[in-house]
Each structure stands twice: as C-alpha cells, then as structure tokens.
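The values are calculated or read from the model by the stated rules, or taken from the named source; none is laboratory data. Treat the numbers as computed from the prediction; the structure is a model and nothing was measured. Methodologically, a virtual Cβ is constructed for each residue, glycine included, from the backbone with ideal geometry; neighbour enumeration extends over all protein chains shown.
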C-alpha cells in the first residue's frame, strides 16, 4: 500500500472510530469541507499537507466510550419481536452511528416457548414485567404489553420510580394515566418516550415536542386508525358493504377478531387525547371526546359523497377555542382534492395547523410491527444520546385543567340522509322544519339507485333523501331533525355526517 492509500485509510479509520461525517473531518481537520470527498476520488494532497493532517488527527483525543445501554423488553408480540430483531441485526451500525452499544439483556412475555421468529435464549427471562423493570441489568424499560392498567401500568410505574427511562407504544395507558406517569418521570429525572403510541411510524410526537419552535398549534386533525381507513377506502373503490370489508380486514390481519375498539372510534380517541395535550397544553382527557364510529356508513353514503366530490374518512379533530378544547371523532366528508383525502388504505396522516405553518401534513404507516418498532427504536436512540424533554411537552405543573368545549358548537355543512315515507307533503314538511331552525340547503338529492325499501313498521314505501346543508350549527341540525322525527314522515335514525372543507 503506497503512502496515499495509507493516508486515505487512516482518515477513513478516524472517521469511522469517532462517527464523524466526511464534511466535519474536512472542516475541522483539513480546513476544507470537500477534502475527504476529493481524497476518495484519488486527488491526493502533498506530503506536507498529509503530515499536517496526521498531526491534527493525533491531537484529537479518543472518544470516551459510554457503557452499553441495557434494555429490557416487556411484550414480545409483533412489535416487540420486530424491535428485538432490529436491535440484534443492526447493533454494529447503531453503535457506530450513535457511539453507544444498545444491548437487550432481559425480556418478559406471557409464553416463553412461543415461536416469535427470533432467538431469545441469550436474554434473561422474566415472567413478571415488574421484576424486569426493576432488574439491576436493565437501564431502560420498553413496555409493549398493552392495556391501560394491570401489568403494563405496574411495570411502567416501577421503572419510573427507579429513575429508569421508559419507552412505550401503549396509547390506552397514556390516555388514562399519562399525566400521572409524566409527573413520576419528572420527580425521578426519568424520561418517557411514546412516539409509537400515536400513528405508528409517523414522527408526530417528536414534531410536537421539539420540531415546531415557537409555533402555536391552532388545530390538529387526522386519520389515526388504519383499520377504519382500509374499510372506507375499499367501500369507496369497490361496491362492497361495510360488513364484507370488515371481514376482509380481519382476514388480512388489519382488524382484530373483536374490532369494536377500532371501528367505534375509541382507538382514535386515545390518540387524539394525547395529541390534544401536546398541542394545547391541557391535561389529557380521553373521556371528554365526542366519539362516533363508522358502523353506520353505507354504500349509499359512499356513492353520494363521491358524486358530490367528497370522500368519507374517520377523522379525529381537536381545536382550542375560547370555551376550551373541542375534541371529536366521527366520519367526515372531505374534498377529494384535499391532502387528507388522498391518504388511503391502512396509512395514517396527522395535520397540524399552526400560526407559523398553515398546514403541516405528516403521513405514513400507522401500524404494523416494523413501522411501530422503528418508532420505539427512535425513542431508544434519543435516550442513548442523553436526550430528555418534558414527556408532555411542558412540565406537568404547567398543564391546564381540561376544559371541554361543547361539540354542539361545531359549525360547518352537514350531510343528512333520511328514509322518508313516500307520501305527499313529506319533503315539504322536512324542508320547512329545517328552515324553522335557520338551516339553508345547498342541495336535495333523490336517486333511483338509492331508493326504496318497505318500511318494516307499517309496510309503506320509503325514499332515500340526502340533504346537504350550508354552514350551520350542529345544535340547529339536531333540533331540526328532532322536529322532523316528531312529524312522523321519516323512519329509522337519520344519518348525519359533518362536512369539512380543509
């Protein structure tokens, strides 16, 4: 190896050993940001330049190696197994890039013998996740058990009380106990990372806690449940009922055997409650959210929405007003041209509207083992670097007590689907009742392909009528529909879907 090749190798070894970039070496050692790039292309410096750079490299002290960060993982389901595999397969690269070895030392799960596609024989096994959280050979505790109480809560409390940082993907736990856990972390100097708890692989938590600077969030909304988005997307693209789409989602593993938590909107509610806290600096209040799922959505709704230039999405929406914080989960008609309408299948998206940035859209995979595990790993890497910010964006003492703004104050247009008795004067009566409540109509739609089932109560024929209102108050819509029902010209429950013009 000639002198030039030896010199290049010494430079590359220096960069690798200290995890420097080529640009940093050029700027700090050679005095030229392009130096290493030129060297790699064969442009060798003069002997005196090489000598000067070698002396400069020798004067840089060796990096002080940090002890390994010993990790305990409780829960070895899809996400836990993917995380362990990532840490095992990428250990060398992660150590080189971040200057600290990440080492799984202990694990806990329900079954020791289950085949998870990873080798866990080299890790200390714990039947009790609380014991794992307290173990002397664990510096960082990862909770992937799930559940808002029980072992997950007990283990996280144990780790925080011992001053150990915690990383979790458990949205239900945070929605119920997030403020308490953040307070414990502050008292012991620990840290809680929960990027994976909201929107899987999308870095929305880090964006809110660290990436917005002095910007103030005015509204946050988004698609936060892949199961619902998959169902609504399939219904929109194919002539398939809600029930059939749900069966397909279950067969593909997108929906649980009991899908209630997803399709009724509760999963989205937990995520929205966490986002609201970070956006508006109010305490988490998952129980103060208006929640409406997608089980009542029919092909009639999908088709009419499409004809009008809309898609139906299950959205979580939160905004701050003079009355407090409004939080709501419900199906929503959104313009096909909007960014949120283009997020289909199992993808998620979160949109932040701030005083500095009119609309910041974060989109990507909202679930799945690899995507969620990648977010868990991102939190682990932050901890390995010594990163520490208030878990909920500000110290818990600065969080305001939650004040609920009434959902009925929501203003906007509405889609209303009614099953109307096929008798003279029925439609005139309905429009009169809406007029009495100061509701003006943008359009009234009757379509032959949507009509017409026999009324199960009295055998009378009905017509499907869709009303699109101009902007109005929700309280006015509810009052008008109550009067319409009292007149007896409709059967069944009305379908009411809010229209947003993002």
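Tallying residues that are under 20 Å from the mean Cα position of the chain (by Cα) and closer than 21 Å to residue 301 by Cβ within the range 225-253 yields 10. Is it fair to say residue 146 is in contact (Cβ under 8 Å) with a residue 12 or more places away in the chain, surrounded by fewer than 16 Cβ atoms within 10 Å (Cβ to Cβ) and touching a helix residue (DSSP H, G or I) at 6+ places or on another chain (Cβ under 7 Å)? Judged against the criteria, residue 146 is not a match.
Which helices (runs of 4 or more DSSP H) sit wholly inside the range 154-269 and have at least 1 residues that are within 24 Å of residue 130 (Cα to Cα) and at pLDDT below 95?
Result: 171-188.
Condition first: more than 18 Å from residue 230 (Cβ to Cβ), out of contact with any helix residue (DSSP H, G or I) (no Cβ under 9 Å at 6 or more places or on another chain) and either modelled with pLDDT of 90 or more or surrounded by 18 or more Cβ atoms within 10 Å (Cβ to Cβ) (or both). Can you find one or more residues in the range 359-382 that meet it? Checking the range 359-382: not a single residue is more than 18 Å from residue 230 (Cβ to Cβ), out of contact with any helix residue (DSSP H, G or I) (no Cβ under 9 Å at 6 or more places or on another chain) and either modelled with pLDDT of 90 or more or surrounded by 18 or more Cβ atoms within 10 Å (Cβ to Cβ) (or both).
Taking into account only those residues within the range 5-33 that are modelled with pLDDT under 85 and not in a loop (DSSP other than H, G, I, E, B), which is surrounded by the most Cβ atoms within 10 Å (Cβ to Cβ)?
Kept after step one, since they are modelled with pLDDT under 85, are these residues of the range 5-33: 16-21.
Now restrict to residues that are not in a loop (DSSP other than H, G, I, E, B): 16-18.
Details: 16: 10, 17: 11, 18: 16.
This residue is 18.
If you go through the range 263-292 and keep only what is crowded, with 22+ Cβ neighbours inside 10 Å and closer than 14 Å to residue 229 by Cα, you end up with 263, 265, 267, 268. When 83, 76 are screened for being part of a helix (DSSP H, G or I), in contact (Cβ under 8 Å) with a residue 24 or more places away in the chain, surrounded by 14 or more Cβ atoms within 10 Å (Cβ to Cβ) and assigned by TED's automatic domain parsing to the domain that holds residue 173, only 83 passes. So if I check each of 477, 456, 451, which one is in contact with a strand residue (DSSP E or B) (Cβ under 9 Å, 6 or more places away or on another chain) and modelled with pLDDT of 90 or more? One residue alone meets the criteria, 477.
Counting only residues that are within 21 Å of residue 213 (Cα to Cα), under 16 Å from the mean Cα position of the chain (by Cα) and part of a helix (DSSP H, G or I), the range 375-393 holds 2 of them. Which of (1) modelled with pLDDT of 90 or more; (2) touching a helix residue (DSSP H, G or I) at 6+ places or on another chain (Cβ under 8 Å) does residue 323 not meet, given it meets every other one? Against the list (1) modelled with pLDDT of 90 or more; (2) touching a helix residue (DSSP H, G or I) at 6+ places or on another chain (Cβ under 8 Å), residue 323 comes up short only on (1).
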